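Notes to accompany the following structure.
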Amino acid sequence: MIWQFDLIILTLVVISGIAAISIRDLLGASVLFGAYSFLMCLAWAAMGAVDVAFTEASVGAGVSTVFFVAAVFRTSRRSKD
Amino acid sequence: MDFPAYGDPESPASQHVSPYYIEKAIEDTAVPNLVTAVLADYRGYDTLFETAVIFTAGLACFILLRRFRREPPQFRLYRHLDTGVTLIIEQGGKEPTDSDEFRRIDSQWVPYDLIMQKAVGLVVPFLQLFALYVIAHGHHSPGGGFQGGVIFGATLILIAISNDLRSTTRRISETISSKLASTGVLIYAGTGALCLLLGANFLNYSQLSKLIHVSTVMARSHGILLIEIGVGLAVAAVMIWIYYNLVSAGRHDEGL
């Protein structure tokens, strides 16, 4: 559709994806995974796949980020590598 | 023989399968939302195993993490509500379990906020109503069983975060959530088996018209609703089951 919009979303997806796996603070990494999930939801909505966007929004914002934060709570907050 | 190119409009899937689904879905199943019709009726077998995979994920978290406690913990912390004084009671001491003034707190965390608890308690019924709406209205709007189930599970996780983990475990114990999860998968597979018993293929919902006495088209629509309920139930129960095992490292004692 509007190619500028798609280009911005794609750039942000790549940036947040690379940042999420290279950051040392694990709580920040889980927040970046949540941001990645939200940007993918926008990308799918821009493509017209509304059901998939709804699913990704509910799973990414509701459940996946909470599971990551719970796992970081039980283990250490700083990555070992 | 070579594969067709990506997005090729001349490929066999775009020439024969997609036009059939797009043109015939509403007159075969009376469901305007094409995605739900394909996911739950034309390709319902895949969705059955997807639901089974979600149940297996919950079961795997349970098997890997759950530790039934053999010995009580080293010490427990109790907080006096009026003054804010925290008591550390070692093993073997007398704990003020039934008192109104003392409340047990976790060892690694922050005071429970009354504002958060009450605010969440006011908002959660509306969220759950929205989740049930998404499941029931999946025929006409984007949504369906899986999305509504995830939202319902997320409301239960929200209750567990704002109150203690222990009070939520007392209301919705792990036994209930695991049994509800397997019941959800059973509803889905049971509908398919019912169609088999009534004389046609597995998951061919048109045979349900022998049982409910509506037309074949409406029987498929009702069959889709029945399996969406099964999927929503299974997914909601698995979400809270995984949360219980993950946040307390299996012990179901302290949480976020």
I'm checking my understanding of the structure. Among residues of segment A:40-81 that are hydroxyl-bearing (Ser, Thr, Tyr) and assigned to a loop (DSSP other than H, G, I, E, B), which one is surrounded by the most Cβ atoms within 10 Å (Cβ to Cβ)?
A:Ser79
When you scan segment B:220-231, do you find a residue that is within 14 Å of chain A (Cβ to nearest Cβ), within 25 Å of B:Ile105 (Cβ to Cβ), β-branched (Val, Ile, Thr) and assigned to a helix (DSSP H, G or I), even just one?
no
Is there a residue in segment B:239-253 that is in a helix (DSSP H, G or I), away from chain A (no Cβ under 14 Å) and in contact (Cβ under 8 Å) with a residue 40 or more places away in the chain?
no
Looking only at segment A:1-51, count every residue that is within 12 Å of the chain's Cα centre (by Cα) and at positive phi and tell me the total.
0
Candidates B:Gln128, B:Gln108, B:Gln91 - the one that is modelled with pLDDT of 90 or more and among the polar types (S, T, N, Q)
B:Gln128
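Per-residue answers, yes or no, for (1) within 24 Å of B:Leu158 (Cβ to Cβ); (2) modelled with pLDDT under 95:
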position	(1), (2)
A:Val14	no, no
A:Ile21	no, yes
A:Gly48	no, yes
A:Ala57	yes, yes
A:Arg77	yes, yes
A:Asp81	no, yes
With criteria (1) within 14 Å of chain A (Cβ to nearest Cβ); (2) over 19 Å from the mean Cα position of the chain (by Cα); (3) of a type outside the set (A, V, I, L, M), B:Thr216 comes up short on (1)
Output the number of residues of segment A:25-81 satisfying the condition of being facing chain B (nearest Cβ under 9 Å) and hydrophobic (A, V, I, L, M, F, W, C).
15
Scanning for something among the hydroxyl-bearing types (Ser, Thr, Tyr), buried (at least 16 other Cβ atoms within 10 Å of the Cβ) and touching a residue at least 40 places away in the same chain (Cβ under 8 Å), does segment A:22-30 turn up at least one residue?
yes
Given the structure, is B:Ala154 within 14 Å of another protein chain (Cβ to nearest Cβ) and of a type in the set (A, V, I, L, M, F, W, C)?
yes
Looking only at segment B:36-52, count how many residues are out of contact with any Gly (no Cβ under 8 Å at 6 or more places or on another chain) and within 14 Å of chain A (Cβ to nearest Cβ).
5
In contact with a strand residue (DSSP E or B) (Cβ under 6 Å, 6 or more places away or on another chain), in a loop (DSSP other than H, G, I, E, B) and at pLDDT below 90: which single residue out of B:Pro96, B:Pro73 fits that description?
B:Pro96
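The values are calculated or read from the model by the stated rules, or taken from the named source; none is laboratory data. Because the structure is a prediction, the values reported are computed rather than measured. Positions of Cβ are backbone-derived with ideal geometry, glycine not excepted, and every protein chain shown enters the neighbour counts.
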